[in-house]
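Trainee: Here it is, the structure, as structure tokens.
The values are calculated or read from the model by the stated rules, or taken from the named source; none is laboratory data. Note that the coordinates shown come from a computational prediction; the quantities given were computed from them, not determined experimentally. Reconstructed Cβ throughout: ideal geometry from the backbone, glycine too, with neighbour counts over all protein chains shown. The area values use the complete protein model at the heavy-atom level, side chains included, leaving out ligands, DNA and RNA. Shrake-Rupley method; radii C 1.70, N 1.55, O 1.52, S 1.80 Å.
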Amino acid sequence: MGATGSGKSTLLRSATGLASALPGTGVTGSFSTNARATGYVPQDALDGFLSFDAVNEFVLRLRALGRSLPEAHQEAQRRLTVIQLAERATVPLHRLSGGERRRLALAAAQVHDPDVLLLDEPFNHVDSAWRPRLAIDIGRAALRRLVVVATHDPSPWQEDSPRTLLIRDGRLHHDGPADGFDPARFPEIAIGPTAPWNTSPRAATPRLEFQAVTCELEGTRALEEVTLDLGPGLHALVGPNGAGKTTFLRAAAGLIRPQSGRIRANGLDTRAATGLVHHVALQFEEPTSAFFASTLRQELAFAPTNQGLPGCDIEARLREAISDFELDAFMDRHPYTLSGGQKQRLALASVQATQAPIILLDEPTQGLDAANRRLLHAFLERQATDRCIVAATHDEGLIGLAHDVTRLCAGRIEAAPREVTLRTPS
Amino acid sequence: MKLAIVTVASSLSIVLPTPWLAPYLVIEAVLVLGLLDAQARRGLRRFAVSASLLAGFFYAAGGPHAGDVRIGPLPVSGDDFTIGLLVGVRMAALFAAFALGARWVPARDLLPFVARRGLPAYVAGAILRTLPTVRADAERLRETQTARGHRFVAGPWGARTWIPFVVPLFVSVLRRAREQSIALELAGILPQRNGAVSRAHRWAVVAALAALAVAGRLALVAWPGVSLSYFVLFIAGVAYGPIVGLLVGLLERVSTDVLLSGLNPVFLTMAPVEAMLGLLAGLAGRLVNWGQRGREPIAFASVLAAWAGAMMTILFSVAADTINWLAVRTLLPRLDPEAAQMGWVALVARGLVFNVPSLVFNAALFAAAAYPTLLALRRSGVLIHRARSNPA
């Protein structure tokens, strides 16, 4: 465990024994292990895949173990059934939902029966139904192999885990038995109860309207007859993995054209894509694959520049975004050199820099430690008074703050949003 | 079976005598158009028209019977224009075969055959596996930039709007290759030799760049002679050295030609030419030490890059036509007697004229994107030379 940027992911990569042979890792020193084989699931599950769909991911790994092609296919199908992805076997991996990718990555990393299993934030993007199941699977795996989990949330592991390590600023700060470990002693991991807000939406606009929207992706119906009218405030979008939350957000941002129905963002039809950047900002699910500039400064300035702002206004927006998400120290670094949590902050700051009245967030708390979650909550509290914020999330803390909750299931709205209510401190 | 049909279709497009060409094209077009979606049909139409006109014009310009008519400064003759149009029709027939290949032989179908253990199987399958990843990264980058207000314009005239997309695509694909190399070694597909630098990383980079080059060629296949693959070869050579450049060129050409034309030996002869380009780019990169210091004046770097782009186009054109000339003289003198009689200088000169649009495109692309790409790769950390791994 440890704060964002403390060195958890670097430690896990180093423990693979391979990171030192790679460029840009800056790993030095010696490493030794008597493990016959190691399994590793990186923070961005896509980075650990070797093929382009789930069935070939297993087939390739099984063939490397010497299995024949029919045997490999049969075994791949069996494993896909266990993780309930048999029906998604040939869907391109980048089209799987974040939680589905995580389940697949965990199963694929164990194909060669490793002695050591290294898991970086294994619950990222995983829905509440799958979390206990994955925790049991990982617990079972730990009975016969060494499992190291980097996480911001120790609760699922505390009972079974024999040992807890805490890293602070790249150094081992605490190493002791998990039994009796008190997270409250360490502010960087003590998430604690979320403080309720004392604000409610004040304005009547902006509005995000879905009118009988149906979207198909690769032959699969991702959204079906979705009708929704959202005003200012924080709206939580919840539902199991693969329910269509990310598709909802991409459609709202004008990146997917619905097969039928109409989406209006702040009164503007999203099919008229020009000028939408003034009205809608989207934070993507996996921040790493969404960065494109060579420095944080360029990354943050991209949208305001496209909005046609003069240089002084762009500077003012950058200052605000940098201050809100405490990115001052990294401004001239390449986004890829940041830690997972820092990348998430940069993605959120990029959204902030657009100052769009409609903000769409895809799993905004992923990879954030306790301090950064507080930062995010404070930002959302300030923005929710006069902006429409839609957050697709599995984070119960964030759901608890939302003015209303919309549940998607298999592309349909299962529960209509609650009325916006004024929240008062407990 | 599908691979065999595509091989036959592309072979017939090359070796059929001229009188049979038009009926063959009609039959092929009917078959292919029935299989293609609207977007591919548009690409085929665009290619057929532009290839026929370009070939017609450039074969006519300065030909042996020149002087009947003048188009601007160029003397042309009606006979040569007809020959040129026929060459264009042959190219259109070939493109129709390519379209059949792209429609019928998706990477997914080829993958199980190369999913075996060891380096050769990995190299054969890596590009097929990496192509969808490149596509996914490209799609994500395009979406991200669109969501932040950037407007992309399709076609060569909108090339400038794609520059902010090209640079991060390289960085993204190479970053992912670095991460995947860990998974490759852990899964035992490319096991690490004790104490050696990461072999998996080297091959993952080659596969990623080759897949990028394949995507770059397929993306503009409807524009005759214009390709993004030269640019990828240049970056591969300069950033990772001559051997990587050579391998990327070789694998890119073989992979694209297998995907487009089946196992047609005529196309595979072009693979050494592209390998040579990658090798030369690597050697040039060592001489200039480009992008390593990050202090070169941007204007100077842009001019140098434009020159490199133009030179690569010229080199490819000359080398490819030389191979064509040798092949036609030795293998096909009866099938295409007019081409067989054409001198080397005439063939190379016409090839160069045909490649003028490609030369202009490459010079502009290299000038705008080569230096920013090399700098971005260096800044992102994916280009730092590898340290020796620690012996366990």
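Trainee: Looking at B:138, B:183, can you tell me which residue is crowded, with 24+ Cβ neighbours inside 10 Å and of a type in the set (A, V, I, L, M)?
Mentor: Of B:138, B:183, the one residue that is crowded, with 24+ Cβ neighbours inside 10 Å and of a type in the set (A, V, I, L, M) is B:183.
Trainee: Go through the range A:260-292 residue by residue and tally those that are surrounded by fewer than 20 Cβ atoms within 10 Å (Cβ to Cβ), touching a residue at least 24 places away in the same chain (Cβ under 8 Å) and farther than 21 Å from residue A:226 by Cβ.
Mentor: 1
Trainee: Counting just the residues of the range A:269-312 that are part of a loop (DSSP other than H, G, I, E, B) and farther than 19 Å from residue B:152 by Cβ, which one comes out nearest to the other protein chains (Cβ to nearest Cβ)?
Mentor: A:294
Trainee: So which residues in the range B:124-135 are closer than 25 Å to residue B:364 by Cα and open to solvent by 40 Å² or more (accessible area, probe 1.4 Å)? Lay out the reasoning, then the answer.
Mentor: Applying the first criterion (closer than 25 Å to residue B:364 by Cα) to the range B:124-135 yields B:134-135.
Result: B:135, single match.
Trainee: Would you be able to tell me the number of residues in the range A:231-245 that are in contact with a Phe, Trp or Tyr (Cβ under 9 Å, 6 or more places away or on another chain) and either modelled with pLDDT under 90 or surrounded by fewer than 23 Cβ atoms within 10 Å (Cβ to Cβ) (or both)?
Mentor: We begin by selecting, within the range A:231-245, every residue in contact with a Phe, Trp or Tyr (Cβ under 9 Å, 6 or more places away or on another chain); these are A:234, A:237, A:240-241.
Imposing the further condition that a residue be either modelled with pLDDT under 90 or surrounded by fewer than 23 Cβ atoms within 10 Å (Cβ to Cβ) (or both) reduces the set to A:240-241.
The qualifying residues number 2.
Trainee: Can you tell me which of B:160, B:151 is without any contact (Cβ under 8 Å) to a residue 24 or more places away in the chain and open to solvent by 20 Å² or more (accessible area, probe 1.4 Å)? Break it down stepwise before answering.
Mentor: On the way: B:160 fails: without any contact (Cβ under 8 Å) to a residue 24 or more places away in the chain.
Going through B:160, B:151 in turn, the sole match is B:151.
Trainee: Follow-up. Any residue at all in the range A:360-370 that is crowded, with 24+ Cβ neighbours inside 10 Å, within 14 Å of another protein chain (Cβ to nearest Cβ) and assigned to a loop (DSSP other than H, G, I, E, B)?
Mentor: No, the range A:360-370 has no match at all.
Trainee: Same structure, new question: Can you tell me which residue in the range A:377-392 is farthest from residue A:98 (Cα to Cα), limited to those that are in contact with a Ser or Thr (Cβ under 7 Å, 6 or more places away or on another chain) and crowded, with 22+ Cβ neighbours inside 10 Å?
Mentor: Taking the candidates together, the pick is A:384.
Trainee: State all residues of the range A:37-80 that are of a type in the set (Phe, Trp, Tyr), farther than 23 Å from residue A:9 by Cα and facing chain B (nearest Cβ under 8 Å); if no residue qualifies, say none.
Mentor: A:52
Trainee: Tell me, which helices (runs of 4 or more DSSP H) lie completely within the range A:64-151 with 2 or more residues that are β-branched (Val, Ile, Thr)?
Mentor: By residue number, A:69-82, A:130-144.
Trainee: Just to be sure I understand, how many residues within the range A:67-99 are under 21 Å from residue A:286 (Cα atoms) and not hydroxyl-bearing (Ser, Thr, Tyr)? If you could, list the steps in order and put the result at the bottom.
Mentor: Quick first cut of the range A:67-99, residues under 21 Å from residue A:286 (Cα atoms) only: A:85, A:88, A:91-99.
The next check asks that each one be not hydroxyl-bearing (Ser, Thr, Tyr); those that pass are A:85, A:88, A:91-96, A:98-99.
Looking only at that region, the number is 10.
Trainee: Of all residues in the range A:143-164, count the ones that are touching an Asp or Glu at 6+ places or on another chain (Cβ under 7 Å) and open to solvent by less than 60 Å² (accessible area, probe 1.4 Å).
Mentor: Count: 4.
Trainee: Ok, one more. Just give me the residues in the range A:97-122 being out of contact with any strand residue (DSSP E or B) (no Cβ under 9 Å at 6 or more places or on another chain) and modelled with pLDDT under 90, in sequence order.
Mentor: A:97, A:99
Trainee: Please specify each residue of the range B:146-181 satisfying the condition of being in a helix (DSSP H, G or I), more than 17 Å from residue B:380 (Cβ to Cβ) and modelled with pLDDT of 85 or more.
Mentor: Residues satisfying the conditions are B:146, B:147.
Trainee: Filter the range A:313-326 down to residues that are within 14 Å of chain B (Cβ to nearest Cβ) and more than 25 Å from residue A:381 (Cβ to Cβ), then give me how many there are.
Mentor: Count: 1.
Trainee: Restricting the range A:301-317 to residues that are closer than 9 Å to residue A:350 by Cα and out of contact with any Ser or Thr (no Cβ under 6 Å at 6 or more places or on another chain), which is most open to solvent (accessible area, probe 1.4 Å)?
Mentor: Only one residue fits best here, namely A:302.
Trainee: Kindly list, by first and then second residue, each pair from a residue in the range B:361-383 that is away from chain A (no Cβ under 13 Å) and part of a loop (DSSP other than H, G, I, E, B) to a residue that is of a type outside the set (Ser, Thr, Tyr) and open to solvent by less than 10 Å² (accessible area, probe 1.4 Å), limited to pairs with Cβ atoms under 8 Å and residues at least 6 apart or on different chains.
Mentor: Note: no pairs meet the criteria.
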